[in-house]
Ligand code: UDP
């Protein structure tokens, strides 16, 4: 088939951004082979190398996509700005990539006689400044929003409030009303950037303003899951068209780094040996880790619950270093309570990085203690495994709130925990939430199974996400310069 439109995807360099964006590209190419896709991988120095190992695995898994690695930039010295506002630092560093992005598009797409005509740029919400590049090149831009529809609604409401004289939030103990959430939101679960006076709040308001400049917003969610939020966005005439095309995820595990294969086999073999629906899985995203005291208390909670467990336990990065959590080796004995591994050897397995999708798909797994990153939420729903909420960073607290209070799709352990707070969640709370999620009479389990079926049917022929995807592709062709 002759290619008639090239899209350039520009994801932010974080796993939760890169992986769904690349999956989106694959789905697009499966759906319509008149498109071609280039993914630009931005590589600021402050982003850990480990992220790029996953990108390499994904790149190797699909030769239809043209991956271009931009030069590693020299911005280590900016790291000290991270504690003030991670969102501002990341946005500033990505803004500085504009010349490389433009040059790469000129060289590899526009001046490349083999490329189809450039139909637009698909930007991430941390790099809305790439809309400037699209404008300079005279092509439309689209936003790929990698979190909940309700969260997109929150950002847009924040902009509306700001334009009416609103400023940074002050009051953690107050409740706030946002139309994309069914319930009033306690300040304690709002993302911290909303309170940040060092540029975090302003950065996000500026991004939200730029969302409106795009020709369309692609959402990694689905109408059947977040009907309230998706409808409020679809009915908003003040924003570009919204296409809820999710769930978009790497179901085949192609973002798993190949070096993990032996460990993966051990984990899957251990799960094969467990009875059906008997295991709770604990995993806290690409960045989640705990200090030694909390690790010991989690271990106590697991023992108290008496439930079989697979625990992805990772080592916090050294202080002041921006790195993904590392893997424990023999030093794991030092962080766990004395004799824990011996006592629980019939009941549980402690591992490092886990092949999360394969674990959630396994018939022995029935509960998931999760940090509530949006990709983990979509994966848990896809495989029908209910979540116990333990949010840690970014927008995870409000995701946890939405899952428990608005949607009734998760068991509450914590809604307002933050990895910077120093709080220790007790063994009793952990054990009780785990027992609750494994209780066959828990209503959440039934609801999760229903949403799981809806999630699977929405992306197949005739489903709402399938049809939104079709409209998106038609509009991209229509908007082509
Ligand atoms: N993940 C995984 N194994 C791990 C930790 C994470 O496979 O041990 C994957 C998980 O399946 C998900 C992604 O990493 O696809 C994490 O994305 P999410 O949005 O949940 O959280 P983030 O890492 O962005 O905070």
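The values are calculated or read from the model by the stated rules, or taken from the named source; none is laboratory data. Model, not experiment: these values are computed from the prediction. Note that we place each Cβ from the backbone using ideal geometry, even for glycine, and neighbour counts take in every protein chain shown.
At a glance:
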{"read-out": "Test: residue 165 is more than 18 Å from residue 399 (Cβ to Cβ) and either surrounded by fewer than 15 Cβ atoms within 10 Å (Cβ to Cβ) or at pLDDT below 95 (or both)", "value": "yes"}
{"read-out": "Selection status of residue 327, within 16 Å of the ligand (Cβ to nearest atom) and either farther than 24 Å from residue 23 by Cβ or surrounded by fewer than 21 Cβ atoms within 10 Å (Cβ to Cβ) (or both)", "value": "yes"}
{"read-out": "Flag if residue 412 is within 28 Å of residue 180 (Cβ to Cβ), within 21 Å of the chain's Cα centre (by Cα) and free of Cβ contacts under 8 Å to residues at least 60 places away in the same chain", "value": "yes"}
{"read-out": "Check on residue 126, touching a residue at least 24 places away in the same chain (Cβ under 8 Å) and part of a strand (DSSP E or B)", "value": "no"}
{"read-out": "Of all residues making up the range 268-298, the number that are more than 24 Å from residue 395 (Cα to Cα) and surrounded by fewer than 22 Cβ atoms within 10 Å (Cβ to Cβ)", "value": "15"}
{"read-out": "Sole exception among (1) more than 16 Å from the ligand (Cβ to nearest atom); (2) in a helix (DSSP H, G or I); (3) surrounded by 14 or more Cβ atoms within 10 Å (Cβ to Cβ) for residue 334, by number", "value": "(3)"}
{"read-out": "Helices (runs of 4 or more DSSP H) wholly inside the range 360-460 containing at least 1 residues that are within 16 Å of the ligand (Cβ to nearest atom)", "value": "374-382, 396-401, 443-458"}
{"read-out": "Output for the range 299-324, where each listed residue is outside any strand (DSSP E or B), within 15 Å of the ligand (Cβ to nearest atom) and either under 18 Å from the mean Cα position of the chain (by Cα) or more than 30 Å from residue 43 (Cβ to Cβ) (or both)", "value": "323, 324"}
{"read-out": "Residue match in the range 106-116 (condition: buried (at least 19 other Cβ atoms within 10 Å of the Cβ) and either over 24 Å from residue 376 (Cβ atoms) or in contact (Cβ under 8 Å) with a residue 60 or more places away in the chain (or both))", "value": "yes"}
{"read-out": "Residue in the range 153-160 that is within 17 Å of the chain's Cα centre (by Cα), buried (at least 18 other Cβ atoms within 10 Å of the Cβ) and closer than 30 Å to residue 100 by Cα present", "value": "yes"}
{"read-out": "Candidates 470, 455 - the one that is crowded, with 20+ Cβ neighbours inside 10 Å and either over 30 Å from residue 85 (Cβ atoms) or without any contact (Cβ under 8 Å) to a residue 24 or more places away in the chain (or both)", "value": "455"}
{"read-out": "Count of residues meeting criterion [modelled with pLDDT of 95 or more and within 12 Å of the ligand (Cβ to nearest atom)] in the range 249-273", "value": "1"}
{"read-out": "Within the range 89-105, tally of residues that are over 19 Å from residue 48 (Cβ atoms) and touching a residue at least 24 places away in the same chain (Cβ under 8 Å)", "value": "7"}
{"read-out": "Selection status of residue 442, touching a helix residue (DSSP H, G or I) at 6+ places or on another chain (Cβ under 7 Å) and under 20 Å from residue 150 (Cα atoms)", "value": "no"}
